[in-house]
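Colleague: Got a structure for you, questions after.
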Amino acid sequence: MTSGKPEYRRVLLKISGEALMGEREYGLDSATVQRIAEEVRTVHEMGVELCLVIGGGNIFRGLSGAAQGMDRSTADYMGMLATVINSLALQNAIEALGVPTRVQSAIPMSAVSEPYIRRRAIRHMEKGRVVIFAAGTGNPFFTTDTAAALRASEMNCSALFKGTKVDGVYDADPVKVPEAKRYDRLGYLEVLSRDLGVMDHSAISLARENRIPVLVFSIAKPGAFAEVLCGEGRYTIVSDGES
């Protein structure tokens, strides 16, 4: 547990759908969802205003569906619906820990969520509620990475945290290439020009335009979210400064 102070007042946490699978090959792992909910509670208790964007790749990926001959728009909408399932699961786990939440969906689903309304979302965070943004941007051809950068910009977030399976950005896949180099710091343009795969290009460009630093860390490591928030632990920061 970190003993430091948060370096950011309001942040967005982006989690891939795959991060919710744990060791499973598909779907949700309840123990992993519970642990991530505890990470969120820890940061919430530090007084940080927090919102989340969750992917849907553990259930359905639009690009995979399109690759199999499905209409890309239809496949992407199916992927958006998968993010709603993940958002409701994480909402349930977070609220079971006593933290108030709201799910706002870019695709209106009044029975299970609020519609996405920017001013209402900001007000929720000001009142200490964790806001989970579901259904991506609500438009096909945009990833949840882009949705995360968009929502972080709209919410005036101080930083965008991307929780992955590895502890930062590498010049190659560290799982496949053990000698891959990890970066402590990168510039936006460096990420784009070298196509490092931190997030898709539209997400990085949007973060750059709005000067929102992107911190990449391992959500699989217990306590890492709070550590990185306080400038501790292992992570890569993508910002205006070059490496």
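Colleague: Please work out how much length the chain gains when fully extended from Val175 to Arg24, using 0.36 nm per residue of separation minus the C-alpha to C-alpha distance, in nm with one decimal.
Modeller: Stretched fully, the Val175-Arg24 segment lengthens by 52.6 nm.
Colleague: Exposure proxy check: Phe161, Phe133 ranked by fewest other beta carbons within 10 Å?
Modeller: Ascending Cβ contact count within 10 Å gives the list Phe161, Phe133.
Colleague: Can you tell which of Leu206, Leu215, Leu50 shows the greatest fluctuation in a Gaussian network model of the chain with Cα springs below 10 Å?
Modeller: Leu206
Colleague: Please report how far the C-alpha centroid of the stretch 1-43 lies from that of the stretch 91-132, rounded to the nearest whole angstrom.
Modeller: 17
Colleague: Another one. Arrange the following residues from fewest to most other Cβ atoms within 10 Å of their Cβ: His201, His44.
Modeller: His201, His44
Colleague: Take Arg194 and Lys5, extend 7 Å from each Cα along the Cα→Cβ direction, and tell me the distance between the two endpoints in nm.
Modeller: 3.4
Colleague: So, counting K/R as plus one and D/E as minus one, what does the shell of residues with Cβ under 12 Å around Met155 add up to?
Modeller: Within the 12 Å Cβ shell, the charges total +4.
Colleague: What is the magnitude of the charge dipole of the stretch 10-239 about its Cα centre, with +1 placed on the Cβ of each Lys and Arg, -1 on the Cβ of each Asp and Glu, and no other charges, expressed in debye to the nearest 20?
Modeller: 540
Colleague: Fewest to most neighbouring Cβ within 10 Å: what's the order for Met125, Met46?
Modeller: Met46, Met125
Colleague: Run the numbers on the stretch 1-108 and let me know its relative contact order in percent, using alpha-carbon pairs under 8 Å that are six or more apart.
Modeller: Rounded, it is 28 percent for the stretch 1-108.
Colleague: At a threshold of 8 angstrom on Cα-Cα distance, excluding pairs fewer than six apart, so keeping six or more, what relative contact order does the chain reach in percent?
Modeller: It comes to 23 percent, rounded to a whole number.
Colleague: Given the rule -39500 (n - 2.57) for each run of at least 4 DSSP H residues, summed and divided by the residues of the chain, what is its mean residue ellipticity at 222 nm, to the nearest 500 deg cm²/dmol?
Modeller: Roughly -11000 deg cm²/dmol at 222 nm, from the helical runs in the chain.
Quick note: the coordinates plus some simple rules give every number you see, no bench work behind them. Being a predicted model, the structure only gives us computed values, none of them experimental. Please note: Cβ atoms are built from the backbone with ideal geometry, for glycine as well, and neighbour counts cover all protein chains shown.
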